Amino acid sequence: MYTFTIIKPNAFDKTEQILRRISFEGFQTIGIRSVFLNKEKAENFYSIHKDKDFFSDLIKFMTSGPITICALKKNNAVIDFRNLIGDTDPKEANPGTIRSMYGTDIAENAIHGSDSDENAKKEILFFFPEMESTIQ
Ligand code: IDP
Ligand code: MG
């Protein structure tokens, strides 16, 4: 029903094109904001990856410029959105997917998408706590 996305710093200047594509694919935007992440907020959001060797680079990247965060609604939102963005590595992502079109490399892959319904809710509430009653 819901998913959460971040247009990452390397794709921030493509936000309009990417949002148009997301809307064209049938996702309804129910929350949107452009923000800067500080180190603490980025580390919290990606805490599941804190022991990975790319963690500090990931935090540096995600705090390097503005991002756009969105809560999205659609039937089958999580799976359909992962299919729309493509593989984590833009080089592996199918042609026409958002990561294949706007990603730089596996680290700067343009866009985030939640990987489960449970994480989608957590991620939406992490950035939009005021939506608690809306998404239950
Ligand atoms: P996902 O975003 O496709 O779910 P995850 O494995 O959850 O991929 O990784 C989170 C983010 O960490 C990726 O979107 C990417 O920005 C970064 N990342 C993942 N794997 C690597 C890597 O091997 N090197 C550098 N950065 C990576
Ligand atoms: Mg992930």
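The values are calculated or read from the model by the stated rules, or taken from the named source; none is laboratory data. From a predicted model like this one, the values you see are computed outputs, not experimental measurements. Cβ placement follows ideal geometry from the backbone for every residue including glycine, while neighbour counts extend to all protein chains displayed. Please note that ligands, DNA and RNA were not included when accessible areas were found on the heavy atoms of the full protein model with its side chains. Shrake-Rupley method; radii C 1.70, N 1.55, O 1.52, S 1.80 Å.
Identify, please: which residue in segment 40-58 is over 17 Å from the mean Cα position of the chain (by Cα) and under 22 Å from L125 (Cβ atoms) and is, among those, farthest from ligand 1 (Cβ to nearest atom)? The residue in question is E40. Condition check for S114 on (1) within 10 Å of ligand 1 (Cβ to nearest atom); (2) open to solvent by 60 Å² or more (accessible area, probe 1.4 Å): one failure, at (2).
May I ask you to list the residues in segment 96-107 that are open to solvent by 60 Å² or more (accessible area, probe 1.4 Å) and within 15 Å of ligand 2 (Cβ to nearest atom)? Answer for segment 96-107, where residues must be open to solvent by 60 Å² or more (accessible area, probe 1.4 Å) and within 15 Å of ligand 2 (Cβ to nearest atom): just I106.
Checking each residue in segment 87-101 for being within 13 Å of the chain's Cα centre (by Cα) and under 20 Å from D13 (Cβ atoms) picks out I98, R99.
Selection of segment 59-78 for residues being away from ligand 1 (no atom under 13 Å from the Cβ), of a type in the set (A, V, I, L, M) and over 16 Å from R20 (Cα atoms) yields only A77.
I'm checking my understanding of the structure. Among residues of segment 66-95 that are open to solvent by 60 Å² or more (accessible area, probe 1.4 Å) and among the β-branched types (V, I, T), which one is nearest to ligand 2 (Cβ to nearest atom)? Before you say what the answer is, go through the steps one by one.
As a first pass, look at segment 66-95 and keep what is open to solvent by 60 Å² or more (accessible area, probe 1.4 Å): 73, 75-76, 79, 82-83, 87-88, 91-92, 94-95.
Add one more test, that the residue is among the β-branched types (V, I, T), and what stays is 79, 88.
On the way: I79: 14, T88: 7 Å.
Checked segment 66-95; the qualifying residue nearest to ligand 2 (Cβ to nearest atom) is T88.
Within 15 Å of ligand 2 (Cβ to nearest atom), within 16 Å of P9 (Cα to Cα) and not basic (K, R): does that describe G113? In short, yes.
R33 satisfies every condition listed in (1) exposed (fewer than 14 other Cβ atoms within 10 Å of the Cβ); (2) of a type in the set (K, R); (3) within 12 Å of ligand 1 (Cβ to nearest atom) except (3). Within segment 26-52, the residues that satisfy the criterion of being more than 16 Å from ligand 2 (Cβ to nearest atom) and of a type in the set (D, E, K, R) are R33, K39, E40, K41. Only residues that are aromatic (F, W, Y) and either surrounded by 17 or more Cβ atoms within 10 Å (Cβ to Cβ) or modelled with pLDDT under 95 (or both) were counted in segment 121-136, giving 2.
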